Every structure is written in C-alpha cells, then in structure tokens.
Amino acid sequence: MKIDRIETFLVPPRWLFCRVETDEGLVGWGEPVVEGRAEVVRAAVEVLSEYLLGEDPLRIEQHWQVLSKGGFYRGGPVLSSAVAGIDQALWDIAGQAYGAPVHALLGGPVRDRVRVYSWIGGDEPGELADAAAAQVEAGMTAVKMNASGLLGPIPSAAEVSAVVRRVGSVRQVLGDERDVAVDFHGRASAAAARRILPELAPLRPLFVEEPVLPEHQQQLAGIVAASPVPIATGERLFARHEFLAPLRAGVAVVQPDLSHAGGISEVRRIAAQAETYGAVLAPHCPLGPISLAASLQVAFATPNFLIQEQSIGIHYHSGSELLDYVLDREPFRFVDGHLRRPEAPGLGITVDEPAVRAAARTGHAWRNPVWQHADGSFAEW
C-alpha cells in the first residue's frame, strides 16, 4: 500500500483538515492547524507531502521521525502541527487497514468512557452563571472558564476580587459535585499568579491552566510552590523535551494538543513522560472533530488521563460547528458528561467529505483578537 494523494481543506470556523489517500482506496483524516495561522500550516503540509507520496502509510513511526527531524531546522508550532495532522491521518489509515480502533493499536483501552468538559467563556463575566447552569442542565460534570479579560502585570485589589467573583459565581451554580477549571490564558505575570491563586483556593478549582506564558517556564516552580491549586500547562508546548521543565517544576496536569504537539505519536509519549512525574493528561482541544477524535483515542489508551477538552458550542465558533463535518454524530454524544469508547476502525468517525469540500470553497481567514491595555500597550489575549 502506498500514499497516493494528500489534500488540505480550510474549513470554517477556523480549522484545517488533511486528507491522505492510498492506492488501495483507504482514506485517513487529520487536523493540522495553528489557530490564526492555518494557511501557514497548510504550506508546511504541502512541503512535507513531497516526502510522503509513494511511501507506505503504515510506517507511522518512521515517517514521524523523518518529518520531525529530517530538516536541519526543527520544531515550532507550524512544523509540529503539520506533522500532527499527518500523523493523525496515518493512524486513521492504520486502524482501517488492521480493522481496529486506534486505541487498540496503542495497547488497548484502559477505560470505558472519557470525562469531558465544556467551555463557558469568561472574558466578560455577565453571562457566566447562566452558561454554567446550561451546562449543568445538559448533564456536564465539569466546565472551564477564563479567569479574566485584560489583566495588569501586577493586578490591583479590584482585579483580584473580580477574578474571585467570576469563579465564585460559577462555583455557586455547580455546587461541590461538579468541577470548574480556570484558564489564565497566559494573561498573568508570575507575580499576578502568586497573588491570585491563593485567593482562588477556597473555590477548589480542578486546576488552573497556563498561569504564565510558556516562555516564562522558569517561573513555574515558584508558582507551584505558592499555589494550593493544581497547575496545568502545555497547550503551547510542542514536543516532549519542552514538557520536562514544567514537569520538574511540579505541574499537576499536562495539556498537549493533538493537532499541535506532533499528533498521536508524540502526545502518547508526552503522557508516558508525565506519568513518571505523577502528572496527569488533559489534552487541549478547542478544535474540530478530527482533532477531538484523535484526542479520544489517546485518552482511552492512557492510564494517567484526567479529562478531555472539547469545543461543541464553544464561544469561538460562529456559523459552523464541530458536528457539521461528521456523518455519524453518535461518537460525540455526551452521556452524563462523558463520551463512550468508540469501536469503529481508525479514529472512529466518518468525515462528511462532501460537506468538507463544500465548506472549503468558502474557507476562512480566522485571526485571534489583538488586545491593548488602557494605555495603548500590547496585552495578552
């Protein structure tokens, strides 16, 4: 069997899909994207395809090594995301070739269902309680929210109080039986994180995500030491060596993204690495159906898995939705805040190819907002 054709599709609201076809008619799907830079990743996939055409798709590890390391300059979000989507597609093909779900090829399932959480926003606090109540009504057992909108480098007493009030309003709706995770989105400085985290502790967040930017990892050990709340990070880290510093600093939760951090192959290794430090896996995934399907395959085969992010109904979407691109929605049907284990071959979903091709004719040029502080200086979004 040989790889015969590789195509990419820019589809709304902000995704890039990759289709890999073999000369025997098997088709695998992946999702290689950097949100806001999808066109750049598309170009990277096209360059990497030069090597893959004519190759055996089942030599997944060999291809991962060559695609990731075959260039003198390695790494970074664009290249690792291009590799990630291709890797997902190759695992999808392998599962179909062997007649098994990917989790079976990874050693078999270690659980029957996967807990998921839903986003409820948080940049603006007005509708948080109502959004949390809607998720409770839908049967979800966990939600995630942004801790704040704009945040100063050393937050004032008013800013700290505002963060606590936001999380408190959600905790009041959820009660003690459900969880809330709080995302700082890299908007806080180390000083801000050390000031805010003890104030959040009485509200018992499941974890606090990305309290500082990834380039400030040298601050994580001090933040972990000062925080009674579990610390999570990793959505902007792209290889296992980049997770060493956070793990050594004592983070509790690692959050690699299956569409950014080298795909199924590398995230599986990151999870094993985290296990040796006593940390758990909560894959980042505010993306489309293929990325979520790949994340779930890893989740079902990973002992130290905690919870899965998913983007159905997320506030970033406009005009298109995750379920628009799959024929069978059953793999994404929530039951008591969980997803059941898929048993179909490959990634376990059937992509609606006509819908993808139609959407790609429209495409998208999504860009993340650029924020400014009141004085006109740049602010982290």
Residues of region 319-340 satisfying the condition of being crowded, with 19+ Cβ neighbours inside 10 Å and not in a strand (DSSP E or B): LEU322, TYR325, PRO331, PHE332, GLY337
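Here's the yes/no breakdown for (1) within 22 Å of the chain's Cα centre (by Cα); (2) under 20 Å from PRO283 (Cα atoms); (3) open to solvent by less than 50 Å² (accessible area, probe 1.4 Å):
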{"residue": "TYR117", "(1), (2), (3)": "yes, yes, yes"}
{"residue": "ILE120", "(1), (2), (3)": "yes, yes, yes"}
{"residue": "ASP123", "(1), (2), (3)": "yes, no, yes"}
{"residue": "GLU127", "(1), (2), (3)": "no, no, no"}
{"residue": "ALA133", "(1), (2), (3)": "no, no, yes"}
{"residue": "THR141", "(1), (2), (3)": "yes, yes, yes"}
{"residue": "PRO153", "(1), (2), (3)": "no, no, no"}
{"residue": "VAL160", "(1), (2), (3)": "no, no, yes"}
Pick from region 169-218, criterion open to solvent by less than 10 Å² (accessible area, probe 1.4 Å) and in contact with a Lys or Arg (Cβ under 8 Å, 6 or more places away or on another chain), ranking: farthest from LEU151 (Cα to Cα): VAL180
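Let's see how each residue does on (1) open to solvent by 50 Å² or more (accessible area, probe 1.4 Å); (2) part of a strand (DSSP E or B); (3) not basic (Lys, Arg):
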residue: GLY28; (1), (2), (3): no, yes, yes
residue: PRO32; (1), (2), (3): no, no, yes
residue: VAL45; (1), (2), (3): no, no, yes
residue: GLY54; (1), (2), (3): no, no, yes
residue: GLN65; (1), (2), (3): yes, no, yes
residue: PHE72; (1), (2), (3): yes, no, yes
Scan of region 268-286 for residues that are within 22 Å of LEU206 (Cα to Cα) and either under 16 Å from the mean Cα position of the chain (by Cα) or hydrophobic (A, V, I, L, M, F, W, C) (or both), ordered by number: ILE270, ALA271, ALA272, ALA274, ALA279, VAL280, LEU281, ALA282, PRO283, HIS284, CYS285, PRO286
Residue match in region 266-280 (condition: modelled with pLDDT of 95 or more, under 15 Å from SER80 (Cβ atoms), open to solvent by 20 Å² or more (accessible area, probe 1.4 Å) and not aromatic (Phe, Trp, Tyr)): yes
Any hit, region 74-91, residues being farther than 30 Å from GLU343 by Cβ and open to solvent by 50 Å² or more (accessible area, probe 1.4 Å): yes
Residue match in region 91-109 (condition: aromatic (Phe, Trp, Tyr), touching a Pro at 6+ places or on another chain (Cβ under 8 Å) and more than 19 Å from ALA38 (Cα to Cα)): yes
All positions within region 1-27 that are within 18 Å of TYR325 (Cβ to Cβ) and among the aliphatic types (A, V, I, L, M): LEU10, VAL11, LEU16, VAL20, VAL27
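The values are calculated or read from the model by the stated rules, or taken from the named source; none is laboratory data. Model, not experiment: these values are computed from the prediction. Heads up, the Cβs are rebuilt from the backbone with ideal geometry, glycines too, and the neighbour counts pull from every protein chain shown. Surface accessibility is based on the protein's heavy atoms, side chains included, excluding ligands, DNA and RNA. Shrake-Rupley method; radii C 1.70, N 1.55, O 1.52, S 1.80 Å.
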